[in-house]
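Colleague: Pasting a structure here, questions to come.
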Amino acid sequence: MSTKFEIRYRSFNDLKIAIEKYDLSPIEIILINESKKSKLPEHKIIEKFEYILRVMKDSVNLKETDNRFHISVDSAEIYKEREQSFFSPLVQEIIQSALVTSVNNACMHRIVSSPTGGASGVMPGVLIPILKHYGFNDDIAVKALLIGAAIGDVIKNLATLSGAEGGCQAEIGSASAMTAGAVSYLFKEDISMVESAASIALKNILGLTCDPVAGLVEIPCIKRNAMGALNALLATELSISGIKTKIPFDEVVLAMKDIGDKMDSTLRETGLGGLAATPTGKKFSKKLKQSYNR
Ligand code: SF4
């Protein structure tokens, strides 16, 4: 793959323009951009993403849970494949994988920050069961991850990926958008479908606050990962069925930034508002502090 072009994109629109201007695939453009940014040759970037894929595959398996300092790491154990379910076995596995990865994150096991630890269950939660179910090989999986990374990059450039800055919309919302774009690319290698999938996913989560109980990335974070995964699946389904976003992705991201800027600081990871400030949330916080002092 050639790196003779000086390609740098900040926005999704830049990416689309570069694809057209140089008549290259989205993956070729993303690799050139990544290579320029990181000063690594393209094959090294691919190796990094192969490693990321391996870690993601491992992160969906439940590791040891240590409840000593935790208040809610039981979700992965209670959600098992059920005979009576609204969801197909694949969707049940997606829910389970998102919860498990998020519990593994809470218990300090290795996960991929995609784009953050708090939202680390969304992407592997959807991607890994889908790769297995449809028999996609690792080469196409790495391409999907590159698409997801490019979407995350655009959000970072135009807004933020941090709950402390933009609320949970910037974490779970971004993870959901990255996942929807990545999975849509698995099924249709079409950049406008990727854009629609990512836009629909992010639009659905705009305004979500960051209000972790006791300051731990557990309540509501773990279950929000399952929600972000299902939202990504829905956005992908709509996009690959031909439903288009009316608002371009860059504008959705800028809307997210605007909403985050207007969000009160108590709703941006300070643990002072929303669920963290409920009577039960405060009780959990008090109990946790007491356990530290024992
Ligand atoms: S609530 Fe806050 S800490 Fe939890 S996943 Fe969302 S952004 Fe992260």
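The values are calculated or read from the model by the stated rules, or taken from the named source; none is laboratory data. Keep in mind the model is a prediction, meaning the values are calculated, not measured. Cβ sites come from the backbone with ideal geometry, for glycine too, and all protein chains shown count toward neighbours.
Colleague: Considering only residues that are crowded, with 21+ Cβ neighbours inside 10 Å and assigned to a loop (DSSP other than H, G, I, E, B), look in region 220-250 and name the one that is farthest from the ligand (Cβ to nearest atom).
Modeller: Out of the qualifying residues, it is 245.
Colleague: If a residue must be within 16 Å of the ligand (Cβ to nearest atom) and either closer than 16 Å to residue 229 by Cα or polar (S, T, N, Q) (or both), how many such residues does region 165-192 contain?
Modeller: Going through region 165-192 one residue at a time, the tally reaches 12.
Colleague: Now, a different point. Do you know which residues across region 99-111 are over 19 Å from residue 227 (Cβ atoms) and either buried (at least 24 other Cβ atoms within 10 Å of the Cβ) or within 16 Å of the ligand (Cβ to nearest atom) (or both)?
Modeller: 107, 108
Colleague: Can you pull out the residues in region 204-219 that are within 17 Å of the chain's Cα centre (by Cα) and either more than 10 Å from the ligand (Cβ to nearest atom) or outside any loop (DSSP other than H, G, I, E, B) (or both)?
Modeller: 204, 205, 206, 207, 210
Condition check ((1) at pLDDT below 95; (2) in contact with a Gly (Cβ under 8 Å, 6 or more places away or on another chain); (3) among the charged types (D, E, K, R); (4) within 16 Å of residue 268 (Cβ to Cβ)) across all residues:
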| residue | (1), (2), (3), (4) |
| --- | --- |
| 145 | no, no, no, no |
| 151 | no, yes, no, no |
| 160 | no, yes, no, yes |
| 180 | no, no, no, no |
| 196 | no, no, no, no |
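Colleague: Give region 33-71 a look and list any residue that's at pLDDT below 95 and aliphatic (A, V, I, L, M), or say none.
Modeller: 62, 71
Colleague: State all residues of region 182-193 that are surrounded by fewer than 24 Cβ atoms within 10 Å (Cβ to Cβ) and either among the small types (Gly, Ala, Ser) or not in a helix (DSSP H, G or I) (or both); if no residue qualifies, say none.
Modeller: 188, 189, 190, 192
Colleague: Scan region 72-98 residue by residue and report those that are at pLDDT 95 or above and within 16 Å of the ligand (Cβ to nearest atom).
Modeller: 98
Colleague: Which of (1) within 16 Å of the ligand (Cβ to nearest atom); (2) buried (at least 18 other Cβ atoms within 10 Å of the Cβ); (3) within 22 Å of the chain's Cα centre (by Cα) does residue 275 not meet, given it meets every other one?
Modeller: Among (1) within 16 Å of the ligand (Cβ to nearest atom); (2) buried (at least 18 other Cβ atoms within 10 Å of the Cβ); (3) within 22 Å of the chain's Cα centre (by Cα), residue 275 violates only (2).
Colleague: Can you tell me which residue in region 251-272 is farthest from residue 185 (Cα to Cα), limited to those that are away from the ligand (no atom under 14 Å from the Cβ), among the aliphatic types (A, V, I, L, M) and crowded, with 16+ Cβ neighbours inside 10 Å?
Modeller: Per the stated criteria, the residue is 255.
Colleague: Also: Mind counting the residues in region 194-219 that are farther than 27 Å from residue 103 by Cβ and crowded, with 24+ Cβ neighbours inside 10 Å?
Modeller: The first filter runs over region 194-219 and keeps only residues farther than 27 Å from residue 103 by Cβ, leaving 194-196, 199-200, 203.
In the following step, the residues that additionally are crowded, with 24+ Cβ neighbours inside 10 Å were identified as 194-196, 199-200.
Looking only at that region, the number is 5.
Colleague: Just give me the residues in region 26-75 being of a type in the set (A, V, I, L, M) and within 20 Å of residue 125 (Cα to Cα), in sequence order.
Modeller: Across region 26-75, the qualifying residues are 52, 53, 55, 56, 60, 62, 73.
Colleague: Do you know which of the residues in region 115-124 that are more than 18 Å from residue 237 (Cβ to Cβ) and within 12 Å of the ligand (Cβ to nearest atom) is surrounded by the fewest Cβ atoms within 10 Å (Cβ to Cβ)?
Modeller: Among those residues, the one meeting the criterion is 117.
Colleague: Let me ask something additional. Just checking, how many residues over region 134-162 are crowded, with 23+ Cβ neighbours inside 10 Å and assigned to a loop (DSSP other than H, G, I, E, B)?
Modeller: Number satisfying all stated conditions: 1.
Colleague: Next question. What's the total number of residues in region 20-42 that are among the small types (Gly, Ala, Ser) and in contact with an Asp or Glu (Cβ under 6 Å, 6 or more places away or on another chain)? Reasoning before the result, please.
Modeller: From region 20-42, those among the small types (Gly, Ala, Ser) are 25, 35, 38; that's our starting set.
Those left that are additionally in contact with an Asp or Glu (Cβ under 6 Å, 6 or more places away or on another chain): 35.
Of the residues in region 20-42, 1 are among the small types (Gly, Ala, Ser) and in contact with an Asp or Glu (Cβ under 6 Å, 6 or more places away or on another chain).
Colleague: While we're on this one: Just the residues that are out of contact with any helix residue (DSSP H, G or I) (no Cβ under 7 Å at 6 or more places or on another chain), within 16 Å of the ligand (Cβ to nearest atom) and not charged (D, E, K, R), please, taken from region 125-164.
Modeller: 164
Listed here are the residues, each with its yes/no results for (1) touching a residue at least 24 places away in the same chain (Cβ under 8 Å); (2) in contact with a strand residue (DSSP E or B) (Cβ under 8 Å, 6 or more places away or on another chain); (3) farther than 26 Å from residue 216 by Cα.
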site: 110; (1), (2), (3): yes, no, no
site: 126; (1), (2), (3): yes, no, no
site: 139; (1), (2), (3): no, no, yes
site: 142; (1), (2), (3): yes, no, yes
site: 151; (1), (2), (3): yes, no, yes
site: 171; (1), (2), (3): yes, yes, no
site: 179; (1), (2), (3): yes, no, no
